[in-house]
Amino acid sequence: MEISIFGAGYVGLVTGACLAELGNNVVCCDIDRNKIERLKNGEIPFFEPGLKNLINKNIKKKKISFTLNLEEAVLAKEVIFIAVGTPQKKNGEVNLSYVKKVAKEIGKNLKKYAIIINKSTVPVGTGNLVRNIIKKEYNGSFDIASNPEFLREGSAVFDFMNPERIIIGTDSTESKKIIKDLYEPFSCPVVNTKIETAEMIKYASNAFLAAKISFINEIANVCERVGANVDEVAYAMGLDSRIGNKFLDAGIGYGGSCFPKDVRALHNIALNNNYKFKLLKAVVRVNNDQRLLLAEKTERLLGDLKNKKICVWGISFKPNTDDTRESAAIDIINLLEKKGGKINAYDPKVDYEKLRRDNKFKAVNFYSNKYDALKNCQALIIATEWDEFKNADLRKIKKLLQKPNIIDGRNIYNPDKMKKIGFNYLSVGRL
Ligand code: UDX
């Protein structure tokens, strides 16, 4: 199929690369000249396992190309994806200005029937908004559809190629058939539904997963008080197929570009429709508070943090990504700095220069080696569960730290083993 994708960001590039790999001819369009130039040379603007190879392979096969030219991107395409950013406004609402702008450009450049599919996570009703914008510019026939993505950063290529469900929201039989054909290589269930329902499925899924995380985090906080072990509680809960064993890892809360934004957006969508989504408000509150607990635990071990050197391992919002958007680690470092702590930080993938440019911290010292970052520190905080932290040399950590304190925000070590080695070890929901 002839496909164009508007928005060469995270969702757009993964979708484009995977659809090209499946044999389609894909062109990705973006307004960022620098990004498009780099992509033409096979350079990916962020780290995502497997994506660079896939894009380079399909550039060579001439299955994927990149352009700044909107007209070229719309010309002779059967399927046009909108995958532009939908950032959050200050009031928690979704900023649809990029979606609207792209819809207008598509309308101006359409010459024949095409399906315009929304991949960006957008409030219910946006499908119709896009339809009306295009209608103003183009009076031929076209269809609108919603086809939300469920890609996790760090495993997005795998997730695209191994979907658990495909949601097709459209009110036209022709577009339903074309989108079904597009996903023909996959054997997972396909849910055909209205545009509004498809848009809601995405929010409901992410909000539910966020709620699951906040729930287990509150259970963890109670576990600490009653002497129970949250890992074992979560494991046993997960054996019940009605609950399931995923997204029950207690820790310092969820972050990233989706959960925080989508939970707030759904809360706002409900409010704008005269409904108070009480549960979601609590989900956000629990998530914010969970980050504070780690700083409290650090104070429990070190006392006043003023001028105390503390090492933080992990800055990305989760492992296998360089993304720091709404990362719990960032909030924790900020809090420790506010309390007077002097921070050494290490992350295997995060771009330290970008953090410096964005003024994320006061005076953090960044290291390119995790062990070097420990020197003269009175405590180590684990903020992200990278594999290299799980496999770290514990005795070496103990030797390098000035005091053997570890506050583990991701429960990556065994408490009994840590105590045996001689660490003062605090984790989440385990004694
Ligand atoms: C999420 C959704 O999973 C994906 O379907 C959607 O389309 C985009 O948003 P992503 O943000 O990449 O994906 O990360 P995910 O793996 O879902 O984790 C989100 C956050 O929750 C991370 O900060 C992670 O550390 C945290 N988390 C996850 C927990 O704290 N505990 C868990 O058990 C699982």
What's the number of the condition residue 149 fails, among (1) within 14 Å of the ligand (Cβ to nearest atom); (2) modelled with pLDDT of 95 or more? (2)
Those residues of segment 55-94 which are in a loop (DSSP other than H, G, I, E, B), modelled with pLDDT under 90 and of a type in the set (A, V, I, L, M, F, W, C) amount to 75, 76
Residue count, segment 303-332 (criterion: more than 20 Å from the chain's Cα centre (by Cα) and either under 22 Å from residue 258 (Cβ atoms) or not in a loop (DSSP other than H, G, I, E, B) (or both)): 4
Exactly one of 307, 274 is over 18 Å from residue 378 (Cβ atoms), of a type in the set (S, T, N, Q) and in the same structural domain as residue 366 (by TED's automatic domain parsing), and that one is 274
Segment 1-27 - residue that is farther than 18 Å from residue 153 by Cα and under 21 Å from the mean Cα position of the chain (by Cα) and, of those, surrounded by the most Cβ atoms within 10 Å (Cβ to Cβ): 5
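Residues checked against (1) away from the ligand (no atom under 11 Å from the Cβ); (2) aromatic (Phe, Trp, Tyr); (3) in contact with a helix residue (DSSP H, G or I) (Cβ under 7 Å, 6 or more places away or on another chain); (4) within 27 Å of residue 283 (Cβ to Cβ):
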residue	(1), (2), (3), (4)
155	no, no, no, yes
163	no, no, no, yes
168	yes, no, yes, no
187	yes, no, no, no
194	yes, no, no, yes
198	yes, no, no, yes
205	no, no, no, yes
215	no, yes, no, yes
234	no, no, yes, yes
Exception for residue 403 within (1) more than 16 Å from the ligand (Cβ to nearest atom); (2) in a loop (DSSP other than H, G, I, E, B); (3) farther than 14 Å from residue 309 by Cβ falls at (3)
Residue among 252, 178, 243, 219 that is surrounded by 13 or more Cβ atoms within 10 Å (Cβ to Cβ), closer than 30 Å to residue 141 by Cβ and of a type outside the set (Lys, Arg): 178
Of the numbered conditions (1) touching a residue at least 40 places away in the same chain (Cβ under 8 Å); (2) touching a Gly at 6+ places or on another chain (Cβ under 9 Å); (3) closer than 19 Å to residue 120 by Cα, residue 185 fails exactly one; give the number of that condition. (3)
What are the residues in segment 257-283 that are small (Gly, Ala, Ser) and within 15 Å of the ligand (Cβ to nearest atom), if any? 257, 265
So if I check each of 134, 144, 106, 116, which one is aliphatic (A, V, I, L, M), under 23 Å from residue 173 (Cβ atoms), surrounded by 14 or more Cβ atoms within 10 Å (Cβ to Cβ) and more than 29 Å from the chain's Cα centre (by Cα)? 134
Please indicate, with yes or no, whether at least one residue in segment 60-70 is of a type in the set (Ser, Thr, Tyr) and crowded, with 23+ Cβ neighbours inside 10 Å. no
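Step by step: first the residues of segment 1-54, then only those that are of a type in the set (Asp, Glu) and in a loop (DSSP other than H, G, I, E, B), then the one that is nearest to residue 151 (Cα to Cα). Which residue is that?
Of segment 1-54, the ones of a type in the set (Asp, Glu) are 2, 21, 30, 32, 37, 43, 48.
Add one more test, that the residue is in a loop (DSSP other than H, G, I, E, B), and what stays is 30, 32, 43, 48.
Details: 30: 20, 32: 23, 43: 21, 48: 11 Å.
If we take residues in segment 1-54 being of a type in the set (Asp, Glu) and in a loop (DSSP other than H, G, I, E, B), then 48 is nearest to residue 151 (Cα to Cα).
The values are calculated or read from the model by the stated rules, or taken from the named source; none is laboratory data. Everything quoted here is computed from the prediction, not taken from an experiment. Glycine also receives a Cβ, built like all others from the backbone with ideal geometry; neighbour counts cover every protein chain displayed.
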